[in-house]
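The values are calculated or read from the model by the stated rules, or taken from the named source; none is laboratory data. Because the structure is predicted, anything quoted here is derived from the model rather than measured. Every residue, glycine as well, gets a Cβ built from its backbone with ideal geometry; the counts of neighbours run over all protein chains shown.
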Amino acid sequence: PVFPQKEVVLKTSETAALGSRFPLERARDRDVGINGVQNYSLSPNSHFSLALETGKGGAKYVKLVLQRQLDREEERELHLVLAATDGGSPPRTGTAEVRVVVLDANDNMPVFSREVYEVRVAENSPPGQLLVRVSAADPDEGSNGEVRYAFTEMSELSDDLFDLNVYTGEILVSGNLDYEESLYHEIEVKATDGGGLSTFCRVHVEVLDVNDNAPEITLSSVSASVPEDAPPRTVVAVLSVRDRDSGDNGRTECAVAGDVPFILTAAFAEHYELRTSAALDRETTAEYNVSVVATDWGRERLSARESVLVRIGDVNDNAPRFTQALYSMWVSENDAASVRIGSVKATDADAGANGRVRYALLREEGEERPAVSVDAESGAVSVVRALDYEEVRAVEVTVSAADGGSPPRSATALLRVLVRDENDNAPVVLHPPPDGSAALGELVPRRARAGYLVAKVVAVDADAGQNAWLCYELAKATEPGLFRVGLHSGEVRTARAVGERDAARHRLVVLVRDRGRPPRSASATLAVALADGFSEGHLRASEEAPAAEPDGRLTLYLSVCLACVSALFVASAAAAVAAKVRRARRGEPGTLPTFPQSAADSGAGSLPRSYVYDVRLAAGTVDSEFRFLGPLFPCFPAGLPQGAADQRSSICSAGLGQQEGD
């Protein structure tokens, strides 16, 4: 133990009354508990004894007690040794010298109105607030009766919290009183008169608690992340709540703020567990900023808020999803391989490897390699080889998207690649046959009127759409203006009535052009011969569209029978005609054209239909007339080009005969 001062000077009047007590400064020991100051002792003397007192805070106070009347004339000063002993083993002792100075007669010393002042003050009282006023009276006169006040002993903490007016004895608050730091303060005040006589009193200050501290939230442990498939009531974090106030001011309650799938449950004293309260879904909310609010029960309630960041760990619970169930893409025929034509896209709501999508084409074992490919990472679709519209119009494959989870999840979509037609095929003329034979031709009567059907040019185009739309035009003609060609039908008709002065033979070049870009074309050459001797009925029938031909077996039987009968009449008529031909004809028509036996079905447009032959014979004075109806060309059901859909058959007339001569 150590005393604050090695020498303590105590002045007292020789008239001090027996039993007077003189407080001495306490010794301080840095040890605590039993090792702290436990006892005081005083060196042997005949005037003073030692008295020990214990304060409310447990501190021990030591005082000198006058046992024998002092006499200044006998002894002016007394030298005593005060010893303080701790309770350690071995015990330690600290000493201080007490020098008692005996003053000359000052019969009265100051006397406090109370030996102990009890004061209560609320914490956080403002500086300058009056705490208490101590008062001591001295009946002496003059300077012996003037009392001055001073603090004699107080802790360092108390020294910063209180001020004393030396003249009035008022004790004022000078610092910030805090209940949580110290509940009690003990102050010793000394009153001294002008003659040097002193007396002492003690002030006990009790600090009253005020709800000036909000609760404090401390996180003990927090999980780095919680998997989204964690069951309800999974512990996420552990936290504690503390309030430094007392009573209801220090009583707290804790809850989770906001609409979040978490709850707080009490674990033990002032400790709580943050748990999940419902199923979690990382794809809906990847993380939660959970606010925990703690509130005390004070009159003016204080609260604290702590945020807990809870991250939701991903689980592979979502399969990839294509943006479309069916992807349609176009590719031009004859495009080079590896040309990108589009892309497929699938998204996966999961994260990391669970959300990383790879693409592939599905095909059965043994199936040939598809004409398209899909990039595994980007989903870009490319053609593997050039496609021909005339061979394949569309390619359909199944695309798979799989994530990187374990086990992986997948989805499929249909990919349809449509081939866009290019104008890579020129029209093909089916009739007249494009074999370059000049002998082929058509017969037109001299009496044919305007609009007479001469022939029908039939062409097809392997392309589609606009690339297969055909138009016909007359490119060359022996006599321009006599014939015209239907723009869409391909029908060659007379543009005006045939005259006597028109040449007997004509050569027509018909140009067939599609509507592609650039257009492609083909040409057909027709040989037309003008002939006399066609009947009026034949002319009328040639200008009218025949009725629709019957279908089925009945048509076949009738055609065979008519062909046989007609063959017999043709043979007989040919002999008679040969004898009169030189005289009956006004002009030689030249070699008569022959007709093709058949024509193929094109699939686009129609071929010439059955022709009607009408032959009139004249021999002497007897006129004979022979009609032959024979389907020389089969009728083909087909989609007719525009402009020819209303006519299912064509009539081609040819005549051999002789008009009566002279």
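Summary of computed values
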{"quantity": "Residue in region 520-535 that is modelled with the highest pLDDT, counting only those that are buried (at least 21 other Cβ atoms within 10 Å of the Cβ) and farther than 16 Å from Leu453 by Cα", "calculated": "Ala524"}
{"quantity": "Check on Thr199, outside any loop (DSSP other than H, G, I, E, B) and surrounded by fewer than 21 Cβ atoms within 10 Å (Cβ to Cβ)", "calculated": "no"}
{"quantity": "Subset of region 14-64 (residues that are touching a residue at least 60 places away in the same chain (Cβ under 8 Å), closer than 25 Å to Asp107 by Cα and of a type in the set (D, E, K, R))", "calculated": "Glu14"}
{"quantity": "Residue in region 65-85 that is free of Cβ contacts under 8 Å to residues at least 60 places away in the same chain, assigned to a loop (DSSP other than H, G, I, E, B) and within 60 Å of the chain's Cα centre (by Cα) present", "calculated": "no"}
{"quantity": "Matching residues, region 370-393, being crowded, with 16+ Cβ neighbours inside 10 Å, assigned to a strand (DSSP E or B) and among the hydrophobic types (A, V, I, L, M, F, W, C)", "calculated": "Val372, Val374, Val381, Val383"}
{"quantity": "Criterion violated by Tyr149 - all others in (1) touching a residue at least 60 places away in the same chain (Cβ under 8 Å); (2) of a type in the set (Phe, Trp, Tyr); (3) closer than 16 Å to Ser198 by Cβ satisfied", "calculated": "(1)"}
{"quantity": "Selected residue (criterion: surrounded by the fewest Cβ atoms within 10 Å (Cβ to Cβ)) from residues of region 211-259 that are over 25 Å from Trp297 (Cβ atoms) and β-branched (Val, Ile, Thr)", "calculated": "Val222"}
{"quantity": "Only one of Arg484, Arg513, Arg517 that is at pLDDT below 90 and in the same structural domain as Pro434 (by TED's automatic domain parsing)", "calculated": "Arg517"}
{"quantity": "Test for Ala455: is it at pLDDT 90 or above, over 30 Å from Arg385 (Cα atoms), surrounded by 22 or more Cβ atoms within 10 Å (Cβ to Cβ) and touching an Asp or Glu at 6+ places or on another chain (Cβ under 6 Å)", "calculated": "yes"}
{"quantity": "Meets criteria (small (Gly, Ala, Ser), closer than 24 Å to Glu283 by Cβ and touching a residue at least 24 places away in the same chain (Cβ under 8 Å)) for Ser378", "calculated": "yes"}
{"quantity": "Boolean, Val119 is in the same structural domain as Asp138 (by TED's automatic domain parsing), hydrophobic (A, V, I, L, M, F, W, C) and either under 30 Å from Leu208 (Cα atoms) or loosely packed, with under 13 Cβ neighbours inside 10 Å (or both)", "calculated": "yes"}
{"quantity": "Region 235-287, residues that are on the phi > 0 side of the Ramachandran plot and among the small types (Gly, Ala, Ser)", "calculated": "Gly247, Gly258"}
{"quantity": "Some residue of region 438-459 being within 30 Å of Val383 (Cα to Cα) and outside the structural domain of Ser382 (by TED's automatic domain parsing)", "calculated": "no"}
{"quantity": "Looking only at region 266-284, and only at residues there that are farther than 18 Å from Asp296 by Cβ and without any contact (Cβ under 8 Å) to a residue 12 or more places away in the chain, the one that is nearest to the chain's Cα centre (by Cα)", "calculated": "Thr284"}
{"quantity": "Residues of region 461-488 that turn out to be of a type in the set (Gly, Ala, Ser) and in a strand (DSSP E or B), as a count", "calculated": "2"}
{"quantity": "Sole residue being touching a Gly at 6+ places or on another chain (Cβ under 9 Å), under 30 Å from Ser246 (Cα atoms) and assigned to a loop (DSSP other than H, G, I, E, B), chosen from Pro139, Pro127", "calculated": "Pro127"}
{"quantity": "Boolean, Thr199 is farther than 30 Å from Arg301 by Cα and out of contact with any helix residue (DSSP H, G or I) (no Cβ under 7 Å at 6 or more places or on another chain)", "calculated": "yes"}
{"quantity": "Among (1) touching a strand residue (DSSP E or B) at 6+ places or on another chain (Cβ under 8 Å); (2) in contact (Cβ under 8 Å) with a residue 40 or more places away in the chain, the one test that Gly169 misses", "calculated": "(2)"}
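Yes or no, residue by residue, for (1) touching a residue at least 40 places away in the same chain (Cβ under 8 Å); (2) crowded, with 16+ Cβ neighbours inside 10 Å; (3) in a strand (DSSP E or B):
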| residue | (1), (2), (3) |
| --- | --- |
| Val395 | no, yes, yes |
| Ala401 | yes, yes, yes |
| Ser406 | yes, no, no |
| Ala413 | yes, yes, yes |
| Val417 | yes, yes, yes |
| Leu430 | yes, yes, yes |
| Ala459 | yes, yes, yes |
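A quick yes/no check of all residues on (1) among the charged types (D, E, K, R); (2) over 48 Å from the mean Cα position of the chain (by Cα); (3) assigned to a strand (DSSP E or B):
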{"position": "Glu180", "(1), (2), (3)": "yes, yes, no"}
{"position": "Glu188", "(1), (2), (3)": "yes, yes, yes"}
{"position": "Gly194", "(1), (2), (3)": "no, yes, no"}
{"position": "Val203", "(1), (2), (3)": "no, yes, yes"}
{"position": "Arg233", "(1), (2), (3)": "yes, no, no"}
